[in-house]
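Single-structure report; data block below.
The values are calculated or read from the model by the stated rules, or taken from the named source; none is laboratory data. What you see is a predicted model; the values in this text were computed from it and never measured. Heads up, the Cβs are rebuilt from the backbone with ideal geometry, glycines too, and the neighbour counts pull from every protein chain shown. Heavy atoms of the whole protein, side chains included, go into the accessibility calculation; ligands, DNA and RNA do not. Shrake-Rupley method; radii C 1.70, N 1.55, O 1.52, S 1.80 Å.
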Amino acid sequence: MNEGVEWALHSCLNLTWAEPGEAVTAARLAAFYGLPTAYMNKQLQALTRAGILSSISGPRGGFRLARRPEDITLLDVVTAIEGAEEAFRCEGILKEGPNGSADVDYRTTCLISQAMRKGDLAWRREIAAQTIADLKAAVERAYPHTPSSTRDRFANLRP
């Protein structure tokens, strides 16, 4: 996965602590961790296209969650940034090996491909079962000051 997934997950989580109705600019979201604004904006636009964020234009514009944190899974965010393709891409190299056959779909018959697809499915199931709200609750349990410090940081950032 590219770093955009990490940026997107942290941004979604941080947006849960923004003041109600507040939109946070890409520049502020990027400045929160010292990241490049242009690349952060690319990730935020992908989240907007996926319906995870909404983009508000104008002088008080920016981004905010388009859905409740309970309705945004980690898989939703990963898919918005990375796409829906499986992590392992079987190229069917067995067809060129000994006893290979051009008319066989090795993605379905190759034991390596099957094992990798099984692992990919397990990973996707696991992150599909976790939401931004789950992360929010875990962070708030472990670091109770995070919501107020996040709001303060957004308010005081000068990107």
(request) Having 3 or more residues that are closer than 27 Å to G34 by Cβ is the bar; report the helices (runs of 4 or more DSSP H) wholly within the stretch 55-159 that clear it. (result) 74-82, 132-142, 146-156
(request) Tell me, yes or no, whether the stretch 65-82 has at least one residue that is open to solvent by less than 30 Å² (accessible area, probe 1.4 Å) and closer than 15 Å to A27 by Cβ. (result) no
(request) Output yes when any residue across the stretch 127-144 is surrounded by fewer than 12 Cβ atoms within 10 Å (Cβ to Cβ), closer than 30 Å to P20 by Cα, among the basic types (K, R) and out of contact with any helix residue (DSSP H, G or I) (no Cβ under 9 Å at 6 or more places or on another chain), and no when none is. (result) yes
(message) When the residues of the stretch 47-61 are narrowed to those that are at pLDDT 95 or above and touching a strand residue (DSSP E or B) at 6+ places or on another chain (Cβ under 9 Å), which ends up surrounded by the most Cβ atoms within 10 Å (Cβ to Cβ)?
(response) L53
(request) State whether the residues of the stretch 81-95 include one that is closer than 30 Å to P144 by Cα and either in contact (Cβ under 8 Å) with a residue 24 or more places away in the chain or in contact with a Pro (Cβ under 7 Å, 6 or more places away or on another chain) (or both). (result) yes
(request) Go through the stretch 10-24 and give me each residue that's closer than 15 Å to S149 by Cα and modelled with pLDDT under 95. (result) A18, E19
